[in-house]
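The values are calculated or read from the model by the stated rules, or taken from the named source; none is laboratory data. Since the structure is predicted, the reported quantities are computational estimates derived from the model, not experimental observations. We place every Cβ from the backbone using ideal geometry, glycine too, and count neighbours over all the protein chains shown. These area figures cover heavy atoms from the full protein model, side chains too; ligands, DNA and RNA do not enter into them. Shrake-Rupley method; radii C 1.70, N 1.55, O 1.52, S 1.80 Å.
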Amino acid sequence: MDFHKNVVATFDEVVLAHLADLEVQEKHHVKYHKFWINPKEGTIYCLIEAPDRHACEAVHKESHGHLACSIVEVDPDFFKLVMGDGHQVDNGPMHHADGSLDLGYRNILAVSLWHEQGAHPTEARKLALEKIAAFHGRVIKWAANDHLIGVFNDSVNAVRCAKKIKLELLVRQSEAIAQANPPIHFKIGLSAGQPVTETSELFEEAVQLALRLCTVAREEEILVSSLVKQLCLEEELLEDDRADTVKLLSTKEEGFILELLRITESRLADERFTIDTLSRDIGMSRPQLYRKVTALIGRPPNDLLRELRMEKAMSLIKQKAGNISEIALEVGYNNASYFAKCFHEKFGCNPSSYAENHKG
């Protein structure tokens, strides 16, 4: 797939350029399958079958001279899963089944689920999977991450799905508490993006953003990116109400969260990494950082740093990335006993019990 940005051509000119590509493609052993255009963003994405990137470049160079700023190799099955099907193709840009222009945006929903006593949240995962399918989403796998990740063509469906998952999990949570059983906890992150950028693979940035929003969201909260907010045509879905509250981020708030996580994620293994260090690295005084982080994500920086370390530890245990002492060191704890204490406070069980519950 190639990526063109800052396109200033008219819609008709883009279509003519695509037809010019088709005229010379066989000469270079290339086949242009589909393309997406987003006039507002000035972006174009072409899906190409070719022996290598040089052949793709040769077609554009000969037909019209407009070279892509990025070309990435994509897995056909994963591409179909993420982009979906049911499109209209007529030698022009891609359209949705309803005839509207497909701008290339896809919405990413990330759900984190954990049981208070460390057991598999099997029923909760099943519920979330059913809701993703019910709202026309598609489930994807992402590296070693065990979050549930759904992809939606439409922002409205993505938001509706997130709210439905939240409502039904809250009901089950209340039932568990009423029966004196340990409840399931969850967080939900919602992002959106276009297929590729100059520095990322297929929807890499959008998926990573959804996962990061899921990480910093409060328990039982839906945290929504600024682009989803812009794309959601039914604005009332994003309004606060007692049952369905979602937290919306501005572009500036989103940027701050990404910078905060960029710094912290790179330093989690360093036990000497403290809030004072974070304040210096991010260019704020400690009181300023405390106020901003607390206002934005509902907890102070120290709590966030501890939570990031615990969630990284949980992920490493699930991946069987080492023994408990090694994982403790990986997330910045030289004292294994203190690590186990913090882990128990977060997840309701000690690390070894959690590892036992997640064998196989």
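Have a look at Phe343, Cys161, Ala110 and report the one farthest towards the positive end of the charge dipole of the chain, computed about the Cα centre with Cβ charges (Lys/Arg +1, Asp/Glu -1).
Result: Phe343.
Along Cα→Cβ, 7 Å out, is where each label goes; now give me the distance between the ones at Glu198 and His66 in nm to one decimal.
My value for the distance between the label points is 1.8 nm.
Mind checking the per residue accessible area of the stretch 1-87 for me, 1.4 Å probe, whole number of Å²?
57
Can you give the relative contact order of the stretch 1-108 as a percent, counting alpha carbon pairs under 8 Å and 6+ residues apart?
The normalised contact order for the stretch 1-108 reaches 33 percent.
With each pseudo-label sitting 7 Å past Cα toward Cβ, what's the Ile140-His358 distance in nm, one decimal?
Label-label distance for Ile140 and His358, simple model: 2.3 nm.
Any idea of the accessible area per residue across the stretch 191-272, 1.4 Å probe, to the nearest Å²?
48
In debye to the nearest 20, how big a dipole does the stretch 229-296 give about its Cα centre with +1 on each Lys and Arg Cβ and -1 on each Asp and Glu Cβ?
That gives a dipole near 560 debye.
Would you mind getting the accessible area per residue of the stretch 133-175, heavy atoms of the protein chains only, 1.4 Å probe, in Å²? Mind showing how you got there, number by number?
Working: 1890 Å² over 43 residues.
Heavy-atom SASA per residue in the stretch 133-175 reads 44 Å².
Per the 1.4 Å probe, what fraction of the accessible area of the stretch 277-334, in percent, lies on carbon and sulfur atoms?
In the stretch 277-334, the share of accessible area belonging to carbon and sulfur is 49 percent.
Could you compute the FRET efficiency for Arg306 and Lys126, with r as their C-beta to C-beta distance and R0 at 41 Å, rounded to 0.05?
0.85
If R₀ is 45 angstrom, what is the calculated FRET efficiency for the pair Glu236 and Arg262, using the beta carbon separation as r and rounding to 0.05? Spell out each step's value before the answer.
On the way: r = 34 Å, r/R0 = 0.76.
In this case the efficiency is close to 0.85.
Along the charge dipole of the stretch 164-211, which of Leu211, Gly189, Ala176 sits closest to the positive end, that is, farthest toward it, with unit charges on the beta carbon of Lys, Arg, Asp and Glu (+1, +1, -1, -1)?
So the residue we want is Ala176.
Using a probe of 1.4 angstrom, how much of the accessible area of the stretch 38-143 is carbon and sulfur, in percent?
Ligands and nucleic acids excluded, carbon and sulfur give 51 percent.
Would you work out which of Leu47, Leu289, Leu238 lies farthest towards the positive end of the dipole of the chain? Charges go on Cβ: Lys and Arg +1, Asp and Glu -1.
Leu289
Please tell me the relative contact order of the stretch 38-164 in percent, rounded to the nearest whole number, where contacts are Cα pairs under 8 Å and at least six residues apart. Present the calculation step by step, with values, prior to reporting the outcome.
On the way: 119 pairs, mean separation 25.8, N = 127.
About 20 percent, as a whole number.
Can you tell me, using C-alpha contacts under 8 Å and at least 6 residues apart, the relative contact order of the chain as a whole percent?
13
Can you list residues from other chains, or at least 5 along the same chain, whose modelled amide H is less than 5 Å from the amide H of His95?
Here Gln88, Asp102 satisfy the definition.
Suppose each label sits 7 Å from its Cα in the direction of the beta carbon; what would the His54-Asn181 distance come out to in nanometres?
Between His54 and Asn181, the label points sit 6.2 nm apart.
Among the complete DSSP H segments of the chain, which ones combine at least 30 Å of alpha-carbon extent along their axis with a mean Kyte-Doolittle hydropathy of 0.5 or more?
none
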